[in-house]
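Please read the structure below before turning to the comments.
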Amino acid sequence: MRWDADGLMWRADELDLITQPPVIPAGTLTSDPGFSDDWWRDLERALDAVAIAAVPLPQQTVTQQRFTERITTVFGAEVDTTVTEWGGLHGDMGFANLTAPELVLLDWEEFGRGPVGLDHARLWADALAAPGLAQRCAAEFAPYLDSKQGLLCRAYSLAPLLTLPDTEPLRAPAELAAVEVSAALRRSSSRR
């Protein structure tokens, strides 16, 4: 919870002890952990619940301006980056913030409002160094990733990966994915 009082921004956090280990403690996931179908269903339900959560505007995690700036820096200004659907956003989605074998979403301090589908796109991008896992993310999250807004969320998630050093395992697959996403965005823009 956050609030303003006496010219200060106050914040209170409620914490729970989670005994499930994170999928990865830090770094890059480079192999598919082999999540169960139940884990994937739980993840889908959890992300759906986050996306439809009502979040007040002061908790805007990703604004239209920030979204546009990150995408156009890498993919060019000719892409229409208008967000058409806003909702709840975990704000720091990645495999280091998920547990297994039982699913818990960790690290909620960035929770707020943002483009629907961005959490899904961030997980997909976080999985790119493990191709089978990235494909599973793409299949599981297709309703969020295959639309025009989903492509924009993918572009937003890829942009910081394209600045990683060449030695980072996510860099090369992110470059390949960026070519595909860029082409799909151009195709979707030409259909308008």
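The values are calculated or read from the model by the stated rules, or taken from the named source; none is laboratory data. Since this is a predicted model, take the numbers as computed values, not measurements. As a convention, Cβ positions derive from the backbone with ideal geometry for all residues, glycine included, and neighbour counts pool all protein chains shown. Each accessible area value is taken on the protein alone, full model and side chains, heavy atoms only, with ligands, DNA and RNA left out. Shrake-Rupley method; radii C 1.70, N 1.55, O 1.52, S 1.80 Å.
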### Task
Inspect all residues belonging to the stretch 3-17 and state whether any of them is open to solvent by less than 70 Å² (accessible area, probe 1.4 Å) and among the aromatic types (F, W, Y).
no
### Filter result (open to solvent by less than 20 Å² (accessible area, probe 1.4 Å) and either among the aromatic types (F, W, Y) or touching a residue at least 24 places away in the same chain (Cβ under 8 Å) (or both)) within the stretch 130-148
A130, L133, A134, F141, L145
### Query
Looking at the stretch 151-192, which of its residues are open to solvent by 30 Å² or more (accessible area, probe 1.4 Å), assigned to a helix (DSSP H, G or I) and aliphatic (A, V, I, L, M)?
L162, A172, L176, V179
### Query
Do you know which residues across the stretch 161-180 are within 20 Å of L123 (Cβ to Cβ) and without any contact (Cβ under 8 Å) to a residue 60 or more places away in the chain?
L161, T163, L164, R171, A172, P173, A174, E175, L176, A177, E180
### Query
Hey, any hits in the stretch 106-113 for a residue that's under 22 Å from A184 (Cα atoms) and not small (G, A, S)?
no
## Note on the structure
Checked pairs for the stretch 12-30, first modelled with pLDDT of 85 or more, second of a type outside the set (A, V, I, L, M) and not in a loop (DSSP other than H, G, I, E, B), C-beta under 6 Å and 6 or more apart or across chains, list as Q20/T99; P22/T99; V23/F95; I24/F95; L29/F95
### Message
Out of R66, R70, I need the residue that is modelled with pLDDT of 90 or more and farther than 15 Å from R113 by Cβ. Which one?
### Response
R70
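If you go through the stretch 98-129, how many residues are in contact with a Pro (Cβ under 8 Å, 6 or more places away or on another chain) and surrounded by 22 or more Cβ atoms within 10 Å (Cβ to Cβ)? Talk me through it step by step, then tell me what you get.
As a first pass, look at the stretch 98-129 and keep what is in contact with a Pro (Cβ under 8 Å, 6 or more places away or on another chain): 98-100, 106, 113, 128-129.
With the extra rule that they be surrounded by 22 or more Cβ atoms within 10 Å (Cβ to Cβ), the set shrinks to 98, 128.
Number of matching residues: 2.
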### Message
Name the single residue that is surrounded by the fewest Cβ atoms within 10 Å (Cβ to Cβ) among those in the stretch 48-97 being aliphatic (A, V, I, L, M) and not in a loop (DSSP other than H, G, I, E, B).
### Response
L57
## Note on the structure
In the stretch 6-47, residues that are within 28 Å of P165 (Cα to Cα), in contact with a strand residue (DSSP E or B) (Cβ under 6 Å, 6 or more places away or on another chain) and part of a loop (DSSP other than H, G, I, E, B) total 1
